[in-house]
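Colleague: Dropping a structure here in structure tokens format, bear with me for questions.
The values are calculated or read from the model by the stated rules, or taken from the named source; none is laboratory data. Please read these numbers as outputs of a predicted model, since none were measured by experiment. Positions of Cβ are backbone-derived with ideal geometry, glycine not excepted, and every protein chain shown enters the neighbour counts.
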Amino acid sequence: MATVLYHVGRIAFRWRWFVTLLWVAVLGAVGFAATQASEAPDDGFAMPGIESQKAFDLLDERFPGSGADGASARIVFIAPNGEKVTAAKNKAVINDLVKDAADGPQVAGAVNPFQAKAVSEDGTTAYATVSFKTAADDLTDAGKEHLERAVEQARDAGLTVETGGDALATQPAAGGSAEAIGIAIAAVVLLITFGSMAAAGLPLLTAVIGVAVSMTAIIALGTTFGLSLTSGTLASMLGLACGIDYALFVVSRYREERAKGRAPREAVGMAVGTAGSAVVFAGLTVVIALAGLAVVGIPMLTKMGLTAAGAVLVSVVICLTLVPALLGFWPNAVLSRRVRKGKKPRRTKTDSAGNVKNASSRWASLVVRRPLPILILGVVGLGALAVPAADLQLGMPGDEAKPTSTTERRAYDALADGFGPGFNGPLVIVVDAKGADDPKAAAATVGKRIAGTSGIVSVSPAQFNPAGDTAIISATPSTSPTDSRTIDLVKSIRAERGGIEAEAGATYEVTGSTAMNIDVAKKFQDALIPYLIVVVGLAIVLLMLVFRSILVPLKAAVGYLLSVLAALGVVVTVFQNGHGASLLGVEQTGPIMSMMPIFLVGIVFGLAMDYEVFLVSRIREAYVHGERPAEAIVSGFRTSGRVVVAAGLIMVAVFSGFIGASESMIKMIGFGLAIAVLFDAFVVRMAIVPAVLALLGDRAWHLPRWLDRLLPSIDVEGEAITRKHPAPTDQGDGQGRGNDHDNPERTLTLTH
């Protein structure tokens, strides 16, 4: 592996014009294909295997042309204090709005609240439903603006009017200025790490090119494979994150090899052969985690995982080819200013062996001297933070989780006050009476029995399809959609199915947004453990190949689980239990978004294995070159500790930008990812990992002979190319341990 990549790096460096133009051509080709591709169909959010999805599919089949997929707006009217919406003046305003809304573009119909009996008992609140012929994403600006003007006219007449539904829903905003600050911090971290604008900009440039290639390819292949920009959301995020990290490690190793006195082309070959090998295996672990999303059994999530895996593979290939090619154009630009100007190196402290001391090596020395206390502190600390994760409740927060500054949240609260907390999430009972002797009587029996269920406050009359064999019944719970008692209610209605169906002579299923959210949460919760087992198990095998050890991969997996569970515990503490929520601007706490744990597990797993491979591979490199276990830990941290810290800070900064979003769900994702990377990069990889390795000593690198013979030999550390191509500062040292890691004069002499 290392030998092949060594030659790849040298070839890319030599044929830099060809490689660069090839990537430009690839980007141009996929970009042109994307412009010619037809728009991909909406991939939706189908959930095979759950009851609410089966009921929804039955509705599509039995109620053709009903416009069930069309957008809708629920217009909520609140009378001024002391008045009622039924007053003549207010009633006239509402009637005018409904009439005006019904005449708007793309509108299928508008239901008058006074005809539909959609007025609260106290007469202070009413609502009208406006249905559209197309989905929310396909609504034109003219259609939206027409409805907005009608709403404003009603407000000018003195009524308080709020709008719910998806037709006029405010689009979730990203982090805004906070996100921009996060990206700026990432750039500053790179600049401080490298001391060179070129070295800081190169990882950003190649990562952006990789994301551009991936996203345009997704658009170009969208129609063929049913992909959409929604499928590419995770691809863009991970493509950017991994692209920066991978280029960062290769550029850092290139600078290190130049400091040893190697010529630019040779330094590129060594960097790609060593750091590039780690990039390949780190990328494979990320691909495993993303492809493992297929375990969940949700088509949209499978597409997201596979497209993101493709983006990561593109990032790996760019790192191995385009990065060395660009280094060929500017071999000295990525070096620090002091080195480029030929100044003498700053005085640096060295240890007894003559190795340079830096902050990373000093920290590693401290951990090696006191491994047990640091290990206990790290494990106990993360374990304590993980405790609240045991109370994790999954759900799909709706309008109730939005800020009170949004009209959707105010509409939600007004309906809850006027009609009860369960009104915002009615249960839809789909009665299949196709085989019943009297379909109407069968539907009436189902409705009557469900109305008698504890927790149901009202049940609507059955509405039949044109064929008269399928009915819809709306049942309103007494509790809010996210209340745990509503979950119990849905379970109770389904548990009574046998007796009710036997009495009615017809079958029924429970669906609606509330039931769908409950089923989705259950499906994700059931899939979380199998997903963890698959990705962690495969990663252990892969890391066993890389490190030729059993204990090191097990340690990596346990450390990753600690960081993920601690991050989930903190997310539950803030967003579910409300402790410290106000500091993040979270106005309403509740269940954790169903997809959040899966995304957290997948993304953090990829980044954690990146840090593990890059850090521990340098430790093993020093060990196989003859250093004692404790010395190897310090050597590994001396050369790669600062870069791993920089990579972790970059990801924390980028993810933290999403905490500034107005949407609670986006805040949750940004906060969860940022805190998980913080725990994994700085507590697990920088503290627990060296502590465990120090305690294990030589046993950390032990592999049974039978297993050693069974596993293929993979030279990730580049031992073969190091022996064959020793650096000028390494010659005369049989183990390749050169101490002149920061000799700018030697570097510039070889450069010229």
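Colleague: Give me the residue from the range 470-487 that is of a type in the set (G, A, S) and either surrounded by 18 or more Cβ atoms within 10 Å (Cβ to Cβ) or in a loop (DSSP other than H, G, I, E, B) (or both) and, out of that set, farthest from the chain's Cα centre (by Cα). Reasoning before the result, please.
Modeller: We begin by selecting, within the range 470-487, every residue of a type in the set (G, A, S); these are 471, 474-475, 478, 480, 484.
Still in the running and either surrounded by 18 or more Cβ atoms within 10 Å (Cβ to Cβ) or in a loop (DSSP other than H, G, I, E, B) (or both): 471, 475, 478, 480.
Values: A471: 39, A475: 35, S478: 34, S480: 28 Å.
Of everything passing the filter in the range 470-487, A471 is farthest from the chain's Cα centre (by Cα).
Colleague: Among residues belonging to the range 84-102 that are without any contact (Cβ under 8 Å) to a residue 40 or more places away in the chain and either touching a strand residue (DSSP E or B) at 6+ places or on another chain (Cβ under 6 Å) or acidic (D, E) (or both), point out the one that is surrounded by the fewest Cβ atoms within 10 Å (Cβ to Cβ).
Modeller: Out of the qualifying residues, it is A102.
Colleague: Where residues in the range 444-469 are within 40 Å of the chain's Cα centre (by Cα) and part of a strand (DSSP E or B), which of them is farthest from D432 (Cα to Cα)?
Modeller: V457
Colleague: Now for a separate question. If you check K133 against the conditions, is it surrounded by fewer than 21 Cβ atoms within 10 Å (Cβ to Cβ), out of contact with any Gly (no Cβ under 8 Å at 6 or more places or on another chain) and of a type in the set (D, E, K, R)?
Modeller: Criteria not met by K133.
Quick grid of which residues meet (1) more than 17 Å from T206 (Cα to Cα); (2) assigned to a helix (DSSP H, G or I); (3) modelled with pLDDT of 80 or more; (4) in the same structural domain as I472 (by TED's automatic domain parsing):
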{"site": "L5", "(1), (2), (3), (4)": "yes, yes, yes, no"}
{"site": "W17", "(1), (2), (3), (4)": "no, yes, yes, no"}
{"site": "W23", "(1), (2), (3), (4)": "no, yes, yes, no"}
{"site": "V26", "(1), (2), (3), (4)": "no, yes, yes, no"}
{"site": "F32", "(1), (2), (3), (4)": "yes, yes, yes, no"}
{"site": "F45", "(1), (2), (3), (4)": "yes, no, no, no"}
{"site": "K54", "(1), (2), (3), (4)": "yes, yes, yes, no"}
{"site": "S66", "(1), (2), (3), (4)": "yes, no, no, no"}
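Colleague: Another question, then. What is the number of the single condition among (1) assigned to a loop (DSSP other than H, G, I, E, B); (2) over 35 Å from the mean Cα position of the chain (by Cα); (3) at pLDDT below 90 that P113 does not meet?
Modeller: Only one criterion is unmet by P113, namely (3).
Colleague: Return yes when N517 is modelled with pLDDT of 85 or more, of a type in the set (S, T, N, Q) and touching a strand residue (DSSP E or B) at 6+ places or on another chain (Cβ under 7 Å) and no when it is not. Working first, answer last.
Modeller: On the way: modelled with pLDDT of 85 or more: yes; of a type in the set (S, T, N, Q): yes; touching a strand residue (DSSP E or B) at 6+ places or on another chain (Cβ under 7 Å): yes.
Taking the combined requirement at face value, the residue satisfies it.
Colleague: Now for a different question. I'd like to check something: does the range 158-167 contain any residue that is at pLDDT 85 or above, small (G, A, S) and under 26 Å from E400 (Cβ atoms)? So that I can check it myself, show each step before the final result.
Modeller: Of all residues in the range 158-167, those at pLDDT 85 or above come to 158-164.
Restricting the remaining residues to those that are small (G, A, S) gives 158, 164.
Next, only the ones that are under 26 Å from E400 (Cβ atoms) stay: 164.
Scanning the range 158-167 turns up at least one residue that is at pLDDT 85 or above, small (G, A, S) and under 26 Å from E400 (Cβ atoms).
Colleague: Checking the conditions here, which among D437, D417 is under 22 Å from A169 (Cα atoms) and either outside the structural domain of K117 (by TED's automatic domain parsing) or not in a loop (DSSP other than H, G, I, E, B) (or both)?
Modeller: On the way: D437 fails: under 22 Å from A169 (Cα atoms).
On inspection, the qualifying residue turns out to be D417.
Colleague: Could you identify the single residue in T134, T129 that is closer than 26 Å to A401 by Cβ and out of contact with any Cys (no Cβ under 6 Å at 6 or more places or on another chain)? Walk me through how you get there before you give the answer.
Modeller: Working: T134 fails: closer than 26 Å to A401 by Cβ.
So the residue among T134, T129 that is closer than 26 Å to A401 by Cβ and out of contact with any Cys (no Cβ under 6 Å at 6 or more places or on another chain) is T129.
Colleague: Is it the case that A187 is in contact (Cβ under 8 Å) with a residue 60 or more places away in the chain and of a type in the set (G, A, S)? Steps first, answer last, please.
Modeller: On the way: in contact (Cβ under 8 Å) with a residue 60 or more places away in the chain: no; of a type in the set (G, A, S): yes.
For A187, the condition - in contact (Cβ under 8 Å) with a residue 60 or more places away in the chain and of a type in the set (G, A, S) - is not met.
Colleague: Now for a separate question. Can you name the residue in the range 710-723 that is surrounded by 10 or more Cβ atoms within 10 Å (Cβ to Cβ) and more than 15 Å from E257 (Cα to Cα) and, of all such residues, is modelled with the highest pLDDT? Steps first, please.
Modeller: Filtering the range 710-723 down to residues surrounded by 10 or more Cβ atoms within 10 Å (Cβ to Cβ) leaves 711, 714-723.
Still in the running and more than 15 Å from E257 (Cα to Cα): 711, 714-716, 720.
On the way: L711: 77, I714: 70, D715: 64, V716: 65, A720: 69.
Looking at the filtered set, the residue picked out is L711.
Colleague: Then there's this: Among the residues of the range 331-339, is there at least one that is crowded, with 24+ Cβ neighbours inside 10 Å, in contact with a helix residue (DSSP H, G or I) (Cβ under 7 Å, 6 or more places away or on another chain) and of a type in the set (D, E, K, R)?
Modeller: No, every residue in the range 331-339 fails to be crowded, with 24+ Cβ neighbours inside 10 Å, in contact with a helix residue (DSSP H, G or I) (Cβ under 7 Å, 6 or more places away or on another chain) and of a type in the set (D, E, K, R).
Colleague: Can you say whether V380 is out of contact with any Asp or Glu (no Cβ under 6 Å at 6 or more places or on another chain), without any contact (Cβ under 8 Å) to a residue 40 or more places away in the chain and either among the acidic types (D, E) or not in a loop (DSSP other than H, G, I, E, B) (or both), as far as the supplied structure shows? Explain how you work it out, then say what you get.
Modeller: Values: out of contact with any Asp or Glu (no Cβ under 6 Å at 6 or more places or on another chain): yes; without any contact (Cβ under 8 Å) to a residue 40 or more places away in the chain: yes; either among the acidic types (D, E) or not in a loop (DSSP other than H, G, I, E, B) (or both): yes.
Spelling it out, V380 is indeed out of contact with any Asp or Glu (no Cβ under 6 Å at 6 or more places or on another chain), without any contact (Cβ under 8 Å) to a residue 40 or more places away in the chain and either among the acidic types (D, E) or not in a loop (DSSP other than H, G, I, E, B) (or both).
Colleague: Run down V558, V541, V645, V613 and say which single residue is in a helix (DSSP H, G or I), more than 27 Å from L711 (Cβ to Cβ) and out of contact with any Lys or Arg (no Cβ under 7 Å at 6 or more places or on another chain). It would help to see each step written out before you state the result.
Modeller: Details: V558 fails: more than 27 Å from L711 (Cβ to Cβ); V541 fails: more than 27 Å from L711 (Cβ to Cβ); V613 fails: more than 27 Å from L711 (Cβ to Cβ).
Of V558, V541, V645, V613, the one residue that is in a helix (DSSP H, G or I), more than 27 Å from L711 (Cβ to Cβ) and out of contact with any Lys or Arg (no Cβ under 7 Å at 6 or more places or on another chain) is V645.
Colleague: On the given criteria, is S563 surrounded by fewer than 23 Cβ atoms within 10 Å (Cβ to Cβ), out of contact with any Pro (no Cβ under 6 Å at 6 or more places or on another chain) and hydroxyl-bearing (S, T, Y)? Walk me through it before giving the result.
Modeller: Values: surrounded by fewer than 23 Cβ atoms within 10 Å (Cβ to Cβ): no; out of contact with any Pro (no Cβ under 6 Å at 6 or more places or on another chain): yes; hydroxyl-bearing (S, T, Y): yes.
Spelling it out, it is not the case that S563 is surrounded by fewer than 23 Cβ atoms within 10 Å (Cβ to Cβ), out of contact with any Pro (no Cβ under 6 Å at 6 or more places or on another chain) and hydroxyl-bearing (S, T, Y).
Colleague: Also, I was wondering about something else. Just checking, which of L545, L528, L532 is touching a helix residue (DSSP H, G or I) at 6+ places or on another chain (Cβ under 6 Å), in contact (Cβ under 8 Å) with a residue 40 or more places away in the chain and either not polar (S, T, N, Q) or not assigned by TED's automatic domain parsing to the domain that holds S594 (or both)?
Modeller: Values: L545 fails: touching a helix residue (DSSP H, G or I) at 6+ places or on another chain (Cβ under 6 Å); L532 fails: touching a helix residue (DSSP H, G or I) at 6+ places or on another chain (Cβ under 6 Å).
Answer to the selection: L528.
Colleague: So how many residues does the range 291-304 have that are more than 21 Å from A217 (Cβ to Cβ) and part of a helix (DSSP H, G or I)?
Modeller: Within the range 291-304, the first condition is being more than 21 Å from A217 (Cβ to Cβ), and the residues that meet it are 292, 295-298.
Now restrict to residues that are part of a helix (DSSP H, G or I): 292, 295-296.
Of the residues in that region, 3 qualify.
Colleague: Looking at the range 68-79 only, could you name the residues that are at pLDDT 90 or above and either in a loop (DSSP other than H, G, I, E, B) or loosely packed, with under 14 Cβ neighbours inside 10 Å (or both)?
Modeller: A79 - this is the single residue of the range 68-79 that is at pLDDT 90 or above and either in a loop (DSSP other than H, G, I, E, B) or loosely packed, with under 14 Cβ neighbours inside 10 Å (or both).
Colleague: From the list D413, D432, D437, which residue is among the acidic types (D, E), modelled with pLDDT of 90 or more and either under 25 Å from D60 (Cα atoms) or surrounded by 20 or more Cβ atoms within 10 Å (Cβ to Cβ) (or both)?
Modeller: On the way: D413 fails: either under 25 Å from D60 (Cα atoms) or surrounded by 20 or more Cβ atoms within 10 Å (Cβ to Cβ) (or both); D437 fails: modelled with pLDDT of 90 or more.
None of the other options fit; the residue is D432.
Conditions tested, residue by residue: (1) touching a Ser or Thr at 6+ places or on another chain (Cβ under 7 Å); (2) aliphatic (A, V, I, L, M); (3) under 29 Å from N332 (Cβ atoms); (4) assigned to a helix (DSSP H, G or I).
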{"site": "A247", "(1), (2), (3), (4)": "yes, yes, yes, yes"}
{"site": "V250", "(1), (2), (3), (4)": "no, yes, yes, yes"}
{"site": "R258", "(1), (2), (3), (4)": "yes, no, yes, yes"}
{"site": "M270", "(1), (2), (3), (4)": "no, yes, yes, yes"}
{"site": "T285", "(1), (2), (3), (4)": "no, no, no, yes"}
{"site": "A289", "(1), (2), (3), (4)": "no, yes, no, yes"}
{"site": "A308", "(1), (2), (3), (4)": "no, yes, no, yes"}
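Colleague: Can you name the number of the only condition in (1) aliphatic (A, V, I, L, M); (2) assigned by TED's automatic domain parsing to the domain that holds L202; (3) at pLDDT below 85 that A353 fails?
Modeller: Every listed condition holds for A353 apart from (2).
Colleague: Out of V613, V624, V644, I need the residue that is of a type outside the set (F, W, Y), closer than 22 Å to G273 by Cβ and surrounded by fewer than 22 Cβ atoms within 10 Å (Cβ to Cβ). Which one? Spell out how you get there, then give the answer.
Modeller: Values: V613 fails: surrounded by fewer than 22 Cβ atoms within 10 Å (Cβ to Cβ); V644 fails: surrounded by fewer than 22 Cβ atoms within 10 Å (Cβ to Cβ).
Testing whether each residue is of a type outside the set (F, W, Y), closer than 22 Å to G273 by Cβ and surrounded by fewer than 22 Cβ atoms within 10 Å (Cβ to Cβ) leaves just V624.
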